[in-house]
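The values are calculated or read from the model by the stated rules, or taken from the named source; none is laboratory data. Every value quoted in this text rests on a predicted model; they were computed, and no experiment measured them. Glycine also receives a Cβ, built like all others from the backbone with ideal geometry; neighbour counts cover every protein chain displayed.
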Amino acid sequence: MSFRGLLIRVFSGLAWRIRPKRLTQALSEFSHIEKDSGAQLRACIGLTDDNALRGYLFQHVLEEYFHAELFSTAAHKRATQQPMLTIPNRVAMISADADDQEIAEFFAYVHVGEASVNRDFRSYAAASPSKDARRVFLRAGADEGRHEADTLDVLATLTNGDKRAVKKMASSAKWALRRRQFSDAMHGIGKLPLHVMLGLVYAFFGLMARRSAQTRLRFTDKQSTAILSQQIDAFFEVPQ
Amino acid sequence: MNILGVSYGYHDASAALVVDGSLVFASAEERHSRVKHDPSFPSSAIDQALKHAGLKPSDIDAVAFHEDPINKLSRSMVSSLSGWPFSFSSFAATAQEAIQNSFWVAADIATHLGIDSKVVHSVPHHLSHTAMAFHGAQCSAAAVMTIDAVGEWTCSTITKVKKTPKGTQYQLCHASPFPHSLGLFYSAFTAFLGFRVNHGECSLMALASFGEPRFKDEVEALLHVTKDGTHQLNLDYFDFSSAKNLPINARFIQSFGAPRPFKSPLVFSAFGDATDTPCEDQRRYADVASSVQYVTTAAVAAYAAKAHKETGLKTLAYGGGVALNCVANAALLRQGRFERVSIPTDPGDGGGAAGAALALSDKLDAPSKTQVAIGPFLGSIADADSAESILGALSPEKWHRFSLLSPQPLAADGLKWERLSDPAEVIARAIALIASGGLLAWVQGRFESGPRALGGRSILARADDISVAQRLSKRVKLRAGFRPYAASMTQGAAERLLFLEPGGDYRKMQTAAKVRPEHAHHIAAAMHIDQTTRPQVVSPTEQPHFHALLVASGKAMGEEVLLNTSLNEQGEPLVASAIDALAMFARTDLDALVINDLFISKERNA
């Protein structure tokens, strides 16, 4: 078992038993992650002329969407408030004009990601106190294991069987994934000093500004009309 | 002159392109990113806009952003500080938004396109809506009314707009200040009734038809419509300064009872076939919804009356998110003050980019510019070849694996597709399937701008068979039973089936209409419990292929009308590309998919 797997089993297991709501949240987030994976692969379909690869990508997309549905259904069953149906944001992993090299690098990243998710899902399944959730993790994990092997085959085809190139791309994708995991983990920690600073500004500045803020919110229709009129006039004003 | 319109940062980010005064492309980012109401930078929509017009970023002469980010920031900051010391979370969110986005909008856009930030212009939010509504109306002068949640400091406006030899002139007559917003009022009740804000407003409107407005007086205590037609919120009931999910307080709950909890059932059915009786709480939710809709309708009508009085014009062009409320829009028509009421296909923030670009075009383009009429089909084109190229990759018996709904497995040779070179053959096959009770995904050409499916990305079915609509709700759309479907029909069918109001533009599905009782059976599956429907009257000149389909439906099924609903799964944006359509076809219980001339059908095991 990897160190990461151990951490997941110990800390996630503990957190989910202490606060079951966190498991619901995690299931919902996994649904978003799976949906995102599907969408990233979908974006790649239009970039290749290879029909076999397009077919493979399409099937892979459908499986990721199916996993998203499994996770969201499990989350929905446990939820006490409306979960987010769709992911809040998506950053495209492949550019709209990607060339063959970029497509191969994308597949290396997908391959490494699938391997990582496969391992993680097994750890999450072991950590989960809920039978339903465990079943979903294992079901999705099994598919991801197959995707890990399939994407390696695709990568080999894309590099014309050049094993060194595959190894190099996979290694670079591994580091990119680690950097991303580290950056995600640090995100919350990084927010702490910002919030402390904002808290201080809010405490002092807010005390002074509260009254004038409340006055500004009492502006009349007439004042509002005059201000917006000026802004519209200023917009249409042609600079000399 | 090439003007790119851009909007992002809150919800429904979008991009639009105006070339020499004409709007040639408009699309929400969600269609490409597949994130519903995606607020992020619309890079994919911009790429598609440029690709459509064959332009490079360096060909862009000017960029219009749909609002003034600093002005908006000042309002958010003031709003959060007014709630000191209980509004830290809202303050922190505003401050982070400022640090990450508000100050850098022009620079971000310029960096993305590789152009000079000096060509990026901020257009006041309500001016963007006004320009969209006015140019969509295709007239020489109009009273333009915009009603929104909030844009910068303003919630609703009335503007007199006219075309002159010197260009388009905008004369603002009235602006109501934040927080006196009809949009925020409606959204607060949307959240109270357990629906998602900026998403579930249509559910509130649908639920309203099952109730009685017995809370009318209580709701009027929250939203006061003045004698001169403006509206004011009673802020004793709301809390807009903190970042709470429910922007209401204890006093609000005292008046209306506990909010509807998540997962609490709503047994109402738009088809009138509910098997359970609603409990007291469910009746309360429906009655609150009905009261809110009643007061909203009255407020919209009063503000329109003010617009008429202030401008003295005969045409009303109406924009902003509240313009999607088709029940209030029907009341506007019944009011009969204006000879004509025009609402664009995307009056809300999704149309902000197009509106901003049109407003900037009014400023920068020559006054003599010629404008092409703004139609609804402003998105990317569907590419049937891309779908056909991957059809052989999946073995038909595996298709059922990809949905939790597990439709009946297909026969071994159950997935069939062919290209039909004769458009009449496409129509004949489509109608045969629909007439036999099938569910057809209909993908044709460019996709629609805005939330309504108008025959570009639609699911079509018999309008006279409730069992077909029930299968659609349960096996494809996963849709709550209280939400009705809409219908597309020819002008002749509309005149036979509906009570049409004079002056109404029924081409864009923006207005509800009462169904004539003697013909209700023709449209039973697309009719709400209150005997109304949201019709799209299809023009033979604007949409000849879709019109021909409707005429064929008349020959096959007795009336030129079809149930028409958006081609999307639950929680997903409207399908854009052929591949997205194919993915939905694989995952749901749709029977056939037509992409331009490509006809794909499933044949199931007996």
Response to the item:
When (1) acidic (Asp, Glu); (2) closer than 25 Å to residue B:152 by Cα; (3) at pLDDT 95 or above are applied to residue B:97, the one that fails is (3)
Practice prompt. Search the stretch B:182-202 for residues being assigned to a loop (DSSP other than H, G, I, E, B) and in contact with a Phe, Trp or Tyr (Cβ under 7 Å, 6 or more places away or on another chain), and hand back the single one that is nearest to residue B:297 (Cα to Cα).
Written response: B:193
Worksheet item: Does residue A:135 satisfy being assigned by TED's automatic domain parsing to the domain that holds residue A:77 and closer than 26 Å to residue A:18 by Cβ?
Response: yes
Worksheet item: Looking at the stretch B:510-527, is at least one residue farther than 24 Å from residue B:272 by Cβ, modelled with pLDDT of 95 or more and outside any strand (DSSP E or B)?
Response: yes
Discussion item. What's the number of the only condition in (1) under 22 Å from residue B:10 (Cα atoms); (2) within 14 Å of chain A (Cβ to nearest Cβ); (3) assigned to a strand (DSSP E or B) that residue B:149 fails to meet?
Written reply: (2)
Item to complete: Test residue A:145 against the stated conditions and say whether it is surrounded by fewer than 19 Cβ atoms within 10 Å (Cβ to Cβ) and either part of a helix (DSSP H, G or I) or in the same structural domain as residue A:102 (by TED's automatic domain parsing) (or both).
Response: yes
Discussion item. Here is a check on your reading of the model: is residue A:183 closer than 30 Å to residue B:93 by Cα and within 14 Å of chain B (Cβ to nearest Cβ)?
Written reply: no
Worksheet entry | Residue check, residue A:231 part of a helix (DSSP H, G or I) and under 30 Å from residue B:367 (Cβ atoms) | yes
Discussion item. So, in the stretch B:570-599, exactly how many residues are more than 9 Å from every other protein chain (Cβ to nearest Cβ) and within 28 Å of residue B:197 (Cα to Cα)?
Written reply: 6
Worksheet item: Taking into account only those residues within the stretch B:15-69 that are crowded, with 19+ Cβ neighbours inside 10 Å, touching a Phe, Trp or Tyr at 6+ places or on another chain (Cβ under 7 Å) and away from chain A (no Cβ under 14 Å), which is farthest from residue B:451 (Cα to Cα)?
Response: B:17
Worksheet item: Which residues, taken from the stretch B:156-197, are within 14 Å of chain A (Cβ to nearest Cβ) and out of contact with any strand residue (DSSP E or B) (no Cβ under 8 Å at 6 or more places or on another chain)?
Response: B:164, B:166, B:167, B:190, B:193, B:194, B:195, B:196, B:197
Discussion item. So residue B:416 passes all but one of these: (1) crowded, with 19+ Cβ neighbours inside 10 Å; (2) at pLDDT below 95; (3) in contact with a strand residue (DSSP E or B) (Cβ under 6 Å, 6 or more places away or on another chain); (4) not small (Gly, Ala, Ser). Which condition number does it fail?
Written reply: (1)
Worksheet item: What's the number of the condition residue B:249 fails, among (1) in contact with a Lys or Arg (Cβ under 8 Å, 6 or more places away or on another chain); (2) away from chain A (no Cβ under 14 Å); (3) over 30 Å from residue B:470 (Cβ atoms)?
Response: (1)
Fill in: Complete set of residues in the stretch A:41-80 that are touching a residue at least 60 places away in the same chain (Cβ under 8 Å), within 10 Å of chain B (Cβ to nearest Cβ) and under 21 Å from residue A:97 (Cβ atoms)
A:53
Worksheet, complete the sentence: Among residues of the stretch B:70-123 being of a type in the set (Ser, Thr, Tyr), within 13 Å of another protein chain (Cβ to nearest Cβ) and assigned to a helix (DSSP H, G or I), the residue surrounded by the fewest Cβ atoms within 10 Å (Cβ to Cβ) is B:89
Practice prompt. Could you grab me the full set of residues in the stretch B:582-606 that are in contact (Cβ under 8 Å) with a residue 12 or more places away in the chain, within 27 Å of the chain's Cα centre (by Cα) and more than 20 Å from residue B:468 (Cβ to Cβ)?
Written response: B:582, B:586, B:595, B:596
Worksheet item: For the subset of the stretch B:359-380 comprising residues that are of a type in the set (A, V, I, L, M, F, W, C) and touching a Phe, Trp or Tyr at 6+ places or on another chain (Cβ under 8 Å), which member is surrounded by the fewest Cβ atoms within 10 Å (Cβ to Cβ)?
Response: B:377
